[in-house]
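Presented below is the structure to which this report refers.
The values are calculated or read from the model by the stated rules, or taken from the named source; none is laboratory data. What you are looking at is a predicted structure, and each value in this text was computed from that prediction instead of being measured. Here the Cβ positions follow ideal geometry from the backbone for every residue, glycine too, while neighbour counts run over all protein chains shown. The area values use the complete protein model at the heavy-atom level, side chains included, leaving out ligands, DNA and RNA. Shrake-Rupley method; radii C 1.70, N 1.55, O 1.52, S 1.80 Å.
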Amino acid sequence: MALISARKLKHSFGLAPLLDNVDITIETKEKVAFIGRNGAGKSTLMRMLAGQIQPDEGEITWHNDITTGYFEQEIPDQISGRVFDVVSLAIKPVLDALERYQLVGVEMAEANLQQLATLEKEFDSLQSYIEQHDGWDADYQIEQVLTTLGLDGEASFDALSGGKKRRVMLAKAMVKKPDILFLDEPTNHLDVASIEFLENLFANYDGTLIFVSHDRTFINKVANRIVEIDRGQLFSFPGNYQTYQKRKADMLAAEQSENKLFDKKLADEEVWIRQGIKARRTRNEGRVRALEKMRAERAQRRSQQKNANINISQGERSSKIIAQTRKIGLQFDGKPLFTDLTTTIVRGDKIGIIGPNGVGKSSLIKVLLGAIEPTEGSIKYGMNLEIGYLDQLRDTLQDNLSIIDNIREGSDFVNINGKPRHIMSYMQDFLFSPERIRTPVGTLSGGERNRVLLAKLFTKPINVLVMDEPTNDLDIETLEVLEDLLVNYDGTLLLISHDRAFLDNIATSTLVFENGDLNEYVGGYQDWLRQRPEPVVSETKSTKSKKKPEKVVEVKQVPVKAKLSYEEQRELGKLPNQIEKLEVKISKVSEQLQDVTLYDDPIKAATVSDELKKLQQELEAKMDRWMELES
């Protein structure tokens, strides 16, 4: 049964319409994911279907006064009070009716005959309203949804974390048991555990869902229909995200083939119309009208928006060892965030960091980079590290300045991998038009702001890239471009992310905060799930009474170490000093090669270049030997 039917919707912001004469129908128990580029109109269409805004043209029909719940992407600033009271705001008219119903009952007992008739009429009206809205068990409905979402009704909303506040707002949207629940980016800024909680909740949700999301794993597990908004049109794909990807690829291939044939025919007709006088005298007027129609059709075609063309400005090659930690730990307010971390980060590693919000992931990054001293243990850092840091807070941008003024530093050119690029051309790679580039950063959407930050970060030479939640607010297409870039990145990557598909496709290893420990695993998110210890199942009372509970000990496989010979011990002791001297020599020779006057003597330049190669090869051999003896 159709709950919502929309026909011939048109809506515009600027020149190109967001929605161009589109139709859509939402059926009972559908779980529909709206996807598309940032600014394509996903949230706009969702607000229209929820009745919050009106289209410029077209009509929307709702079936039998359906009820809706709407989960906003942003948490309103003005909300405060108990969690129970915040959630109850969604059904305030029903609660008010219940309160008035009880008051009228008291008034009826004390009323005279003249007052009684009026009060009875109001009493019956209130009773009918409460029954219509299932209001008799309103308090129970609130408690039920709080329990489902793991919330304490007595807790103060102001004291909650961002993730908990989003759960409260979700409870507020769900409490009136809406026929259709609208969700705008429900997983944004949540940790993996919270995302998986929502994933399971909505995969088994009995109502109808319409949601906007860029989380591919979430979409794949929850949606049973994908609606893509592309160039003002809607494209519907029954099934999950994997099914959509295959059908979308087939559709694009067919569209490109069709456009190629059309453009060839149009070119042939243009050649014909421009033939000599004799041909024009005898030309077919019907053919001329057909050509004019083809020209109009080609002019109206909206080409597919290109993908971002992102490149990282590569720094000089770092030393092979980026950082080596020995039993490091960090405390905050006397409480340990992590302890006893011993690991070696090698050039080219791509390390994903996983854990709940607030557990200490960003602090771990800062310790590994040397920005914070560990409270225990020691760290040895490599040489020639050029670090680029994408901060989760995105506070390196100035909201009052335009995009272009945030990127350039006194010049209209940026240097990317040794080549100058004009700022206008460079920013078009990040999908900003010359007009848009002069917009103040404070007016940008979350996705646009993230692209500006990436553009600014990648103008600097980098060989160690640190990214704290880089996928927040990015559309799927830009996210996949960034993903490909990081997969092929030659430097070292430290990555904090709650996007499981992103971690799976990029990370070569993971550091995971779990059960108070910080553990290291090979591979990405799914690899961690396969390798992590099985959760300990608590025993029943009857079992405990029969036998003493055994202490659970995590058994780790430790490779048997061969004892080093006396000569090997001496060699290992000398290697760090030898490596450090080689790195100093390499740095000095590199400085010589940067002197432009050196190349006045080609023979000397070639000699210095050969010397650098030999030193680098010697360093590689020493590092390999050092790692071999250390292990």
Ranked by accessible surface with a 1.4 Å probe, highest first, in what order do TYR521, TYR205 come?
TYR205, TYR521
Under 8 Å for C-alpha pairs, at least 6 residues apart: give me the relative contact order for the chain, rounded to a whole percent.
12 percent
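Counting only heavy atoms of protein chains, what accessible area per residue, in Å², does segment 366-492 have with a probe of 1.4 Å?
On the way: 5550 Å² over 127 residues.
Ligands and nucleic acids excluded, the figure is 44 Å² per residue.
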Could you pull the Cα extents of segment 1-134 along its three principal axes, largest to smallest, in whole Å?
67, 34, 30
Given 10 Å bins starting at zero, what is the percent of C-alpha pairs of segment 97-241 in each, up to the one with the largest pair distance?
9, 29, 24, 18, 12, 6, 2
When ranked by the protection proxy of mean other Cβ atoms within 10 Å per residue, highest first, what sequence do the peptides 108-114, 398-404 form?
398-404, 108-114
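Evaluate Rg over Rh across segment 445-532, taking Cα atoms for both radii and Kirkwood's formula for Rh. Write down the numbers at each step before the final one.
Details: Rg = 13.8 Å, Rh = 14.0 Å.
We get a ratio of 0.99 for segment 445-532.
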Per residue, how much accessible area does segment 1-49 show when a 1.4 Å probe rolls over the protein heavy atoms, in square angstrom?
40 Å²
Using a 1.4 Å probe and counting only protein heavy atoms, arrange LYS165, LYS8, LYS419 so the residue with the most accessible area comes first.
LYS419, LYS8, LYS165
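What is segment 1-126's relative contact order, in percent, from Cα pairs under 8 angstrom and six or more apart in sequence?
Relative contact order, segment 1-126: 22 percent.
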Enumerate the whole-percent occupancy of each 10 Å bin, from 0 to the last occupied one, for all C-alpha pair distances of segment 87-176.
16, 37, 23, 16, 7, 1
Restricted to Cα positions, what overall size does the chain have along the principal axes? Three whole-Å values, descending.
111, 107, 47
For segment 131-136, just list the computed ³J(HN,Hα) in residue order, Karplus coefficients 6.51, -1.76 and 1.60, θ = phi - 60°, integers in Hz, with x standing in for Gly and Pro.
5, 4, 9, 6, x, 4
At 0.692 mPa s and 37 °C, Stokes diffusion of segment 333-464 via Kirkwood alpha-carbon radius, µm² per second
189 µm²/s
Could you tell me whether segment 313-381 comes out rounded, prolate or oblate from its Cα gyration tensor? Rule is a ≥ b ≥ c as square roots of the eigenvalues, rounded for a/c under 1.5, then prolate if a/b exceeds b/c, otherwise oblate.
prolate
Please report the accessible area of GLU57 (heavy atoms, 1.4 Å probe, ligands and nucleic acids excluded) in Å², nearest 10.
100 Å²
Order these peptides, 611-620, 257-266, 424-433, by their mean beta-carbon neighbour count within 10 angstrom, highest first.
424-433, 611-620, 257-266
Of all the accessible heavy-atom surface of the chain, with the other protein chains kept in place and a 1.4 Å probe, what percent is carbon and sulfur?
50 percent
I'd like the accessible area for THR607, computed on protein heavy atoms only with a 1.4 Å probe and all protein chains in place. Round to 10 Å², please.
80 Å²
Taking 24 Å as the cut-off for C-alpha to C-alpha distance, list the pairs among LYS164/LYS366; LYS177/LYS221; LYS350/LYS460 that go past it.
LYS164/LYS366
